[in-house]
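Trainee: Questions regarding the structure given below will be posed in turn.
The numbers here are math on the coordinates, done by the rules we state, and not lab data. This structure is a prediction, so every number in the text was calculated from the model and none was measured. Ideal geometry is used to build each Cβ from the backbone, glycine not excepted, and the neighbour counts take in all protein chains shown.
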Amino acid sequence: MDPQCFPWAGLLSRVGRHSRMLSLAIIGENVASPAVHAVSLTPLQALGIPVALVGCVFLAFGAQFQQRGVARVSEARPPGKSRTLDFSQLVALARRPSWLIGSLMLGLAILFQLFSLYLAPLTVVQP
């Protein structure tokens, strides 16, 4: 970072370096040369990674399908009507297959994410 653009860059880099050295000292590592540790996962923990990935895919596609349904309902709104969601528009959304499929996919995404967190720790499945 250029100190002219961001005058606190030097201070922040020093603070970051010292906090890293402090954390290494707290866990008992050699501060001069921190070692890299290989971490092995149990089979269930390793299964948590693809389960989380499937949850991410459902989340992305579910949001896309819901957005498509909302766009179609808002196109059908008469001109001059307010942009707020009223009961008739909510009923129209519930009748759109794309919005319902998107809602189902978002629900599945939550279930897959929770199951992945059951299988593996947060630091493994949500880096």
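Trainee: Give me the one-decimal nm value for the distance between modelled label points at Leu122 and Ala60, 7 Å along each residue's Cα-to-Cβ direction.
Mentor: Calculated label separation equals 2.4 nm.
Trainee: State the extension gain, in nm to one decimal, for the chain segment bounded by Ile110 and Arg95, taking 0.36 nm per residue of separation less the distance between their alpha-carbons.
Mentor: Working: separation 15, 0.36 × 15 = 5.40 nm, distance 2.28 nm.
Result for the pair: 3.1 nm of gain on full extension.
Trainee: How much length is gained if the chain between Ser40 and Thr84 is pulled fully straight, taking 0.36 nm per residue apart and subtracting their Cα-Cα distance, in nm to one decimal?
Mentor: Length difference between fully extended and current span is 10.7 nm.
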